[in-house]
Ligand SMILES: Cc1ncc(COP(=O)(O)O)c(C=O)c1O
Ligand SMILES: Cc1ncc(COP(=O)(O)O)c(C=O)c1O
């Protein structure tokens, strides 16, 4: 098996794929979004619950997708829950930048935690979308929650 | 001026272009048709009058077009008038075959009369239509006259 | 038992396709098993287009100069070659479009033009029914959904049976006096199933409905004859039959085309134009608005010539043999579920499969690392996948240049994929 | 006074165009003055397409394998290059179509979809007005006639004045509260007139109408910037700007595209598909149904790069100089009537003329015998010709590879044509 492949399907990715954290749809929630990747048919339904001072109280989800996208959802949920929104933005920005860098930008483990394990996908343009899809869903849910809360 | 050009604009063609025979629209007529060449905007309105035993009593026309198409209309009208339809068909068929032969089929002067002067156009695919347009109009008028007469 | 020698000189054929020399990385030669998405081009097709461009290129049908005549001849000769390849009785029945997709949209839009001067059998109106199948590519489904929406007609569909063929049990109730159109694929791009066209043509005729056949996947792989098939319209794409992208064909019976209103409008499809009104040219010009894909027509004709020289029956036999080999190898692997009929005469070369629920993206990724290029996902046939409870499949499709050992590599690759993910969990 | 040295290395440019070495017959070199109909292709464009086909060819946006990624990158990179060339603020505003004709049909059909969920300003309905001009190419006239017919809207037009420019005298009454769309050409393909786009954009904005600009003849000949022009939509054709046939571009403001229903439907433009309904992707994908012209996009990007390297201002200056030379020479000939404005900044390079009532076919024939390839007829602008009492004209159009001596040959050729027919009568 060639090297880039094992950089993609790392142990951490496979572990999250198999035993995804925080999976399932839970109540209560402030916003729910449904995203589809029309090319591959992957789907994610994501619910966001915000507390006082925009603290993420819960992120729950149901995801149909490849190992990369399922692992990404699991790692994301674990990163988000219990943190204030303003702390999350830099993480999200950094992940997106690293994913779109075609492997030129090394990931910052402080920011990304387990998320660095996803960066192998940055060298596979077709897979970048898979990793970013849960994050897009979170961003959309945040916009919606804020609109409803306003 | 190169040779093929003078084979196209023969003296006979230029003469018919300048002083077209039987031109103008006359009464009485059995059928009138209007044909357009959409590529160049050329037009012909043609009237046909048939007598007993399908004798062509009159062909009258108004043509907008290049020298080749105007000469063709003039020569055609002169060939048709006073002859029975069944005698004309071989002339028409022969002209079309010669025109579409790219110059490989020599024209039969017995059949075509002045029409042989048009055959230079057979070597210019874009001009074949110009020469055949009046004939197509005659054929359409004949179909119409027969339908009305029936 | 010795396998019969292929009438194909596979080595010579492979030498015609420059891209096959490419390596994906220094260690990985290309095994292209995605001809179902788009085919590769033989040198003959590329050369024909380049020769045209460097010698005869000009606008067609509009010019009187020699270059324009040469270009027009090349374009119209291409139409004749394509007509002959498809079995069209006349080149005037061959409309050059952008793709299968545009060809099918053309028919759907023209039938729904709302023009009241058009004969009834060429109009779809409120209350009418359009019948499709559950195995259609989106290109032969969504335009009919849109036609139904615009006109108030009803869309119905023939279901797919468990054995991956059309389920014709209820055909008699699906085809009614209100059915105006039956649109179906000739060969499923997912299942490899060849549909019973004759049976459906018969059903359509019995109620005066039109038949529209999507031949995007059949024309490159078997001998086709639109006249013999008895359909009213048929569509193909250049890029799936070794020709260029940017060109497709709509074939239609002349008497239909002659009575149908245009779809795209503009230059070259008109008879006369005034500021407030226009009249339209005869077919096929009526349906070819604007400057057509000229060099692409020349390229597609070269592709037809290439296939004709190989012989479509030989092409079909070669690909049937590969399909059989793939089915045999894949079904022998534990965890592989082939989504398509078992081997048989109506079973052709698109071999799609599910791998123990493993997401096709992941399967494709491992195969790609081995140089094996297959397609993953729903292959623009989402309802068909839903029918079988799947989000997607992995599909291998075969071409004239595919070798038995490439098929063996696929089989071995699938086995390794299972091992790979097994070892990780 | 010495003429300023052209910044163009004309000899080097000519060497880029293989077809210019062609001879029409052993004695007659090619003088191609028909770039207005279709341009020739530089080696760089042909090579880019061939390189793509022999290295990266695959279906775009659908595959996960490396070849598909390479093809998708090439396709999307091409979109970026084209966007930059046209001054589009974002590549997402660039829809890859089949041609200018299809791009304009797309807008006309989408505005007339009848979909009631679409915002009012993007819908044309009964009672609304569509404004065009009397100098439009059929491609920017007939689709609007058809839209008017389908919807019950009224088509109105800005007349052309005796001096061959738009007659804006009655503009205030032509643009009304009911005007939904103003569609106009940027540069007339017959007259060479450049239209006052800013003035019309202003008029459109004052009543909330959309502007649709046909840039088929401007984009290859001057620096264009869709954002600066202030229009809402713009269309170009690849084959008129040294790129391939089979590809065109629709540029549209993103907020419009995002609110508009699709035109062609099928694969790659969907979000989800069920048997009975579908939802659609975001622009530009929403408007790119089916397999797009992939290698043609690569070729068109190469054409943009080629023009950018020459510099569009230098291209414009070169062609202005040729136009001036042609106008000077032709107007000096007795019996020549130029159909187009006198020299000036808003007068560009299509030089059409009437030759003492002599049919343009005959004029073109004599010029062709001299190797001079010009276009004859109504140039798909029939109403414009009727306006000036003409059935057709002879048109010379200039390209980056046209030389002053080729223009001189045209002038001499026209003089000889007069002599030729004079000697025969
Ligand atoms: C001004 C103008 N608009 C539109 C078109 C149509 O372009 P196409 O035939 O490439 O669609 C042309 C060229 O024929 C043109 O000159
Ligand atoms: C069965 C079938 N129909 C239609 C199409 C659409 O073809 P195109 O994308 O060339 O328009 C395809 C290919 O994608 C196909 O496989």
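Across the range A:116-131, which residue is nearest to the chain's Cα centre (by Cα) among those that are away from chain D (no Cβ under 13 Å) and crowded, with 23+ Cβ neighbours inside 10 Å? Before the answer, list the steps.
Going through the range A:116-131, the residues away from chain D (no Cβ under 13 Å) turn out to be A:116-120, A:131.
Okay, now just the ones that are also crowded, with 23+ Cβ neighbours inside 10 Å, so A:117-118, A:131.
Working: A:117: 12, A:118: 10, A:131: 7 Å.
Step by step, filter the range A:116-131, then rank; the result is A:131.
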ask   = Scanning for something in contact with a helix residue (DSSP H, G or I) (Cβ under 8 Å, 6 or more places away or on another chain), buried (at least 20 other Cβ atoms within 10 Å of the Cβ) and within 7 Å of another protein chain (Cβ to nearest Cβ), does the range D:399-412 turn up at least one residue?
value = no
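Among B:96, B:110, which is the only one that is more than 14 Å from the chain's Cα centre (by Cα) and surrounded by fewer than 17 Cβ atoms within 10 Å (Cβ to Cβ)?
Working: B:96 fails: more than 14 Å from the chain's Cα centre (by Cα).
The match here is B:110.
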request  = Would you mind finding the one in C:216, C:228, C:203, C:259 that is within 22 Å of the chain's Cα centre (by Cα) and farther than 30 Å from residue D:57 by Cβ?
outcome  = C:228
key: Among (1) more than 29 Å from residue C:378 (Cα to Cα); (2) within 14 Å of chain C (Cβ to nearest Cβ), the one test that residue A:55 misses   = (2)
key: Selection from the range B:5-52 of residues that are away from chain D (no Cβ under 14 Å) and in a loop (DSSP other than H, G, I, E, B)   = B:21, B:22, B:25, B:26, B:27, B:28, B:29, B:30, B:51
note = When every residue in the range D:26-76 that is in contact with a strand residue (DSSP E or B) (Cβ under 6 Å, 6 or more places away or on another chain) and free of Cβ contacts under 8 Å to residues at least 40 places away in the same chain is compared, the one farthest from ligand 2 (Cβ to nearest atom) is D:66
task = From the list C:351, C:366, C:376, pick out the single residue that is within 14 Å of chain A (Cβ to nearest Cβ), touching a helix residue (DSSP H, G or I) at 6+ places or on another chain (Cβ under 7 Å) and part of a strand (DSSP E or B).
result = C:376
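Just to check your reading of the model, which residue among C:358, C:386 is facing chain A (nearest Cβ under 10 Å), over 28 Å from residue C:223 (Cα atoms), surrounded by fewer than 24 Cβ atoms within 10 Å (Cβ to Cβ) and at pLDDT below 95?
Details: C:386 fails: at pLDDT below 95.
Among C:358, C:386, only C:358 is facing chain A (nearest Cβ under 10 Å), over 28 Å from residue C:223 (Cα atoms), surrounded by fewer than 24 Cβ atoms within 10 Å (Cβ to Cβ) and at pLDDT below 95.
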task = Considering each residue of the range D:277-336, count those that are over 28 Å from residue D:247 (Cα atoms) and within 14 Å of chain C (Cβ to nearest Cβ), and give that number.
result = 1
inquiry  = With the requirement that a residue be under 19 Å from residue D:273 (Cβ atoms) and within 17 Å of the chain's Cα centre (by Cα), what does the range A:4-47 give you?
reply    = A:34, A:35, A:36, A:37, A:42, A:43, A:44, A:45
inquiry  = Here is a check on your reading of the model: is residue D:272 within 13 Å of chain C (Cβ to nearest Cβ), part of a strand (DSSP E or B) and more than 15 Å from ligand 1 (Cβ to nearest atom)?
reply    = yes
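For every residue, the table says whether it meets (1) surrounded by fewer than 24 Cβ atoms within 10 Å (Cβ to Cβ); (2) in contact with a helix residue (DSSP H, G or I) (Cβ under 9 Å, 6 or more places away or on another chain).
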residue	(1), (2)
C:182	no, yes
C:188	no, yes
C:201	yes, yes
C:206	yes, no
C:228	yes, no
C:240	no, yes
C:249	no, yes
C:264	no, yes
key: The lone exception for residue C:233 - which of (1) in contact (Cβ under 8 Å) with a residue 12 or more places away in the chain; (2) within 16 Å of ligand 1 (Cβ to nearest atom); (3) surrounded by 23 or more Cβ atoms within 10 Å (Cβ to Cβ) it fails   = (2)
In the range D:386-401, the residues that are within 19 Å of the chain's Cα centre (by Cα) and not in a strand (DSSP E or B) = D:398, D:399, D:400, D:401
task = Please work out which one of (1) in contact with a helix residue (DSSP H, G or I) (Cβ under 7 Å, 6 or more places away or on another chain); (2) within 14 Å of chain D (Cβ to nearest Cβ); (3) over 24 Å from residue C:268 (Cβ atoms) is the condition residue B:66 fails and give its number.
result = (3)
inquiry  = Given (1) without any contact (Cβ under 8 Å) to a residue 24 or more places away in the chain; (2) within 16 Å of ligand 1 (Cβ to nearest atom), identify the lone condition not met by residue D:167.
reply    = (2)
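On the basis of being over 22 Å from the mean Cα position of the chain (by Cα), away from ligand 1 (no atom under 16 Å from the Cβ) and touching a residue at least 12 places away in the same chain (Cβ under 8 Å), does residue D:295 make the cut? Spell out how you get there, then give the answer.
On the way: over 22 Å from the mean Cα position of the chain (by Cα): no; away from ligand 1 (no atom under 16 Å from the Cβ): yes; touching a residue at least 12 places away in the same chain (Cβ under 8 Å): yes.
No, not satisfied.
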request  = Kindly establish whether residue D:219 is under 19 Å from residue D:102 (Cα atoms), within 11 Å of ligand 1 (Cβ to nearest atom) and more than 14 Å from chain C (Cβ to nearest Cβ).
outcome  = yes
Checking residue B:52 against (1) in contact with a helix residue (DSSP H, G or I) (Cβ under 9 Å, 6 or more places away or on another chain); (2) without any contact (Cβ under 8 Å) to a residue 40 or more places away in the chain, the condition it does not meet = (1)
query = When the residues of the range D:126-164 are filtered to those that are away from chain C (no Cβ under 14 Å) and more than 16 Å from ligand 1 (Cβ to nearest atom), which remaining residue is surrounded by the fewest Cβ atoms within 10 Å (Cβ to Cβ)?
reply = D:162
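The values are calculated or read from the model by the stated rules, or taken from the named source; none is laboratory data. The model shown is predicted, which means the values in this text are computed figures rather than measured ones. We place every Cβ from the backbone using ideal geometry, glycine too, and count neighbours over all the protein chains shown.
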